[in-house]
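Presented below is the structure to which this report refers.
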Amino acid sequence: GRQSPIAYYMAINQMTIGLLSRYVRMNRWRVKRHLRPDVFRRLKPDRIQRYAEVFDITVEELLNGPADLSDGF
């Protein structure tokens, strides 16, 4: 609950904020802001779709987050 699911998928794909921002074509500050759970919940569907495409997952997988969060994300 401390970070959005984007942080988890960034970690398993070994991405930095800078790299992810280039892939999704958004400013670094915006991607960093989307790591906050309260901001992530309010994202528009087109932005969520961009992240899902970059991570090669479905939108539902991104919205629901990983099934097992025991690794501390």
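The values are calculated or read from the model by the stated rules, or taken from the named source; none is laboratory data. Just so we're clear, the structure is a prediction, and the values are computed from it rather than from any experiment. Cβ coordinates were reconstructed from backbone atoms using ideal geometry, including for glycine residues, and neighbour counts include every protein chain displayed. Remember, those area values only see protein heavy atoms, side chains included, never the ligands or the DNA or RNA. Shrake-Rupley method; radii C 1.70, N 1.55, O 1.52, S 1.80 Å.
What order do Val54, Val39 take when sorted by accessible area (1.4 Å probe), most exposed first?
Of Val54, Val39, the descending order of accessible area is Val54, Val39.
How much accessible area per residue does the chain have, in Å², with a 1.4 Å probe?
67 Å²
Do you know the relative contact order of the chain, to the nearest whole percent, from alpha carbon pairs under 8 angstrom that are 6+ apart?
45 percent
Please give the calculated 222 nm ellipticity per residue for the chain, where each DSSP H segment of at least 4 residues contributes -39500 (n - 2.57) and the sum is spread over every residue; nearest 500 deg cm²/dmol? It would help to have the intermediate numbers written out before the result.
Working: 6 runs with 44 residues, N = 73.
When only DSSP H runs of four or more count, the value is -15500 deg cm²/dmol.
Could you tell me the calculated FRET efficiency between Ile57 and Lys32, based on Cβ-Cβ distance and R0 = 30 angstrom, to the nearest 0.05?
0.90
Mind giving me the nanometre distance, one decimal, between the label points for Thr16 and Asn64, set 7 Å out from Cα along Cα→Cβ?
Taking the two extended label points, one gets 3.4 nm.
Among Asn27, Met10, Ile57, flag the residue with its Cα farthest along the positive direction of the charge dipole of the chain, charges on Cβ as +1 for Lys/Arg and -1 for Asp/Glu.
Asn27
How many percent of the accessible area of the chain is carbon or sulfur, using a 1.4 Å probe?
Working: 2310 of 4910 Å².
On the chain, the fraction of accessible area on carbon and sulfur atoms equals 47 percent.
Identify the trypsin sites (Lys or Arg not before Pro) of the stretch 1-48 meeting these criteria: DSSP loop state and at most 12 other C-beta atoms within 10 Å of the C-beta.
Passing sites in the stretch 1-48 are Arg2, Arg25, Arg41, Arg42.
Please get the size of the charge dipole for the chain, origin at its Cα centre, with Cβ charges of +1 on Lys and Arg and -1 on Asp and Glu, quoted in debye to the nearest 20. Numbers along the way, then the final one.
Values: 13 positive and 8 negative charges, 133 e Å.
Charge dipole of the chain: 640 debye, to the nearest 20.
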